[in-house]
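Here is the structure we will look at, set down as structure tokens.
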Amino acid sequence: MNRRLGVLISGRGSNLQALIDAIAAGRLDATIAVVISNREDAAGLERARAAGLEAICIPHRAFATRDDYDRALVRELQARDVGLVCLAGFMRLVGTPLIEAFPNRILNIHPSLLPAFPGLDAQRQAIEHGVKVSGVTVHLVTAELDGGPIVVQRAVPVMAGDTAESLAARILEEEHRAYPEAVQLILGGGWRVEGRCLRASERPD
Ligand code: GRF
């Protein structure tokens with residue numbers, strides 16, 4: 001599989017940093033071909049540049065429709081021969097043009113054990129629901145918000161007295177382990193999508 005990653009961000013970029021660090025440490029066999037933010041002020045752009053990566057901003061406000069924006073993303077990603085797109089805190093719904101250009105080739109990281117608590121503020125949703133366990137999910141992106149096949153999940157306990165912030169910090173530590181692992185797994189091949197599940201392919205003996 002083409003191991004050139006396109007990482008899409010909107011903010012802090014700590015998961016981007018985890019991918020950069022995993023590549024540098026030899027735990028992830030991949031190259032980051034480009035980092036794209038929809039926001040100029042995303043701190044992750046600086047992280048990318050500090051690591052010597054190409055980092056560009058494509059502001060969504062410059063486009064009339066979501067599809068126009070997605071088509072612009074596709075152009076930039078394809079121009080750099082990206083094989084796998086990693087959403088890393090990218091705060092935009094991904095639409096049909098991007099999904100069709102990269103079928104089962106887009107990953108997202110979400111701070112809950114999906115299918116619990118999709119959408120925004122997952123850690124706050126978990127606290128308000130009173131769950132005792134939450135965690136992180138890395139999944140393939142489909143048209144269903146936070147609903148694609150699950151690649152990696154890691155659980156963390158929810159402690160008495162936790163706030164959304166303290167839970168988010170605990171989950172984030174697991175995110176930084178889970179994302180490089182999931183990318184490595186997807187790039188390794190030997191899997192297929194069956195219904196809503198990711199399954200190991202049967203290999204010939
Ligand atoms: C993470 O919690 C991720 O799970 C969610 O957005 C946050 C991004 O954080 N999708 P960062 O920008 O990677 O630090």
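The values are calculated or read from the model by the stated rules, or taken from the named source; none is laboratory data. No experiment lies behind these values; they were computed from the predicted model shown. Using ideal geometry, Cβ is built from the backbone for each residue, glycine included, and neighbour counts are taken over all protein chains shown. Quick note on the areas: whole protein, heavy atoms, side chains included, nothing else; ligands and nucleic acids left out. Shrake-Rupley method; radii C 1.70, N 1.55, O 1.52, S 1.80 Å.
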Looking only at the range 51-71, and only at residues there that are open to solvent by less than 80 Å² (accessible area, probe 1.4 Å) and over 21 Å from Arg12 (Cβ atoms), the one that is nearest to the chain's Cα centre (by Cα): Asp70
The conditions are (1) out of contact with any strand residue (DSSP E or B) (no Cβ under 9 Å at 6 or more places or on another chain); (2) closer than 21 Å to His60 by Cβ; (3) of a type in the set (S, T, N, Q), and Gln184 fails exactly one of them. Which is it? (2)
Checked Leu145, Leu120 against criteria (among the aliphatic types (A, V, I, L, M) and away from the ligand (no atom under 11 Å from the Cβ)); the one match is Leu145
Quick one: which of Val82, Val74 is in contact with a strand residue (DSSP E or B) (Cβ under 9 Å, 6 or more places away or on another chain), surrounded by 13 or more Cβ atoms within 10 Å (Cβ to Cβ) and under 25 Å from Gly189 (Cα atoms)? Val82
Taking the options Ile23, Ile56, Ile36, Ile32, name whichever one is β-branched (Val, Ile, Thr) and more than 19 Å from Asn108 (Cα to Cα). Ile56
Suppose we filter Ala33, Ala42, Ala22, Ala48 for residues that are open to solvent by less than 70 Å² (accessible area, probe 1.4 Å), within 18 Å of the chain's Cα centre (by Cα) and in contact (Cβ under 8 Å) with a residue 60 or more places away in the chain; which single one remains? Ala22
I need a count of the residues in the range 1-19 that are open to solvent by less than 60 Å² (accessible area, probe 1.4 Å), touching a Leu at 6+ places or on another chain (Cβ under 6 Å) and more than 10 Å from the ligand (Cβ to nearest atom). 3
Given (1) in a loop (DSSP other than H, G, I, E, B); (2) modelled with pLDDT of 95 or more; (3) within 16 Å of the ligand (Cβ to nearest atom); (4) crowded, with 17+ Cβ neighbours inside 10 Å, where does Pro115 come up short, assuming only one miss? (4)
Cβ contacts < 6 Å: first residue touching a residue at least 60 places away in the same chain (Cβ under 8 Å) and closer than 12 Å to Leu98 by Cα, restricted to the range 74-85; second residue open to solvent by less than 40 Å² (accessible area, probe 1.4 Å) and aromatic (Phe, Trp, Tyr), any location; separation 6+ or different chain. Result? Val85/Phe102
Please go through the range 47-97 and give me each residue that is in a strand (DSSP E or B) and within 16 Å of the ligand (Cβ to nearest atom), ordered by number. Ala55, Cys57, Val85, Cys86, Leu87
All but one of (1) surrounded by 12 or more Cβ atoms within 10 Å (Cβ to Cβ); (2) more than 18 Å from the chain's Cα centre (by Cα); (3) not acidic (Asp, Glu) hold for Met159; which doesn't? (1)
Would you point out which residue out of His129, His176 is surrounded by fewer than 21 Cβ atoms within 10 Å (Cβ to Cβ) and closer than 27 Å to Asp21 by Cβ? His176
Of the conditions (1) touching a Pro at 6+ places or on another chain (Cβ under 9 Å); (2) surrounded by fewer than 16 Cβ atoms within 10 Å (Cβ to Cβ), Met91 satisfies every one except a single condition; which number is it? (1)
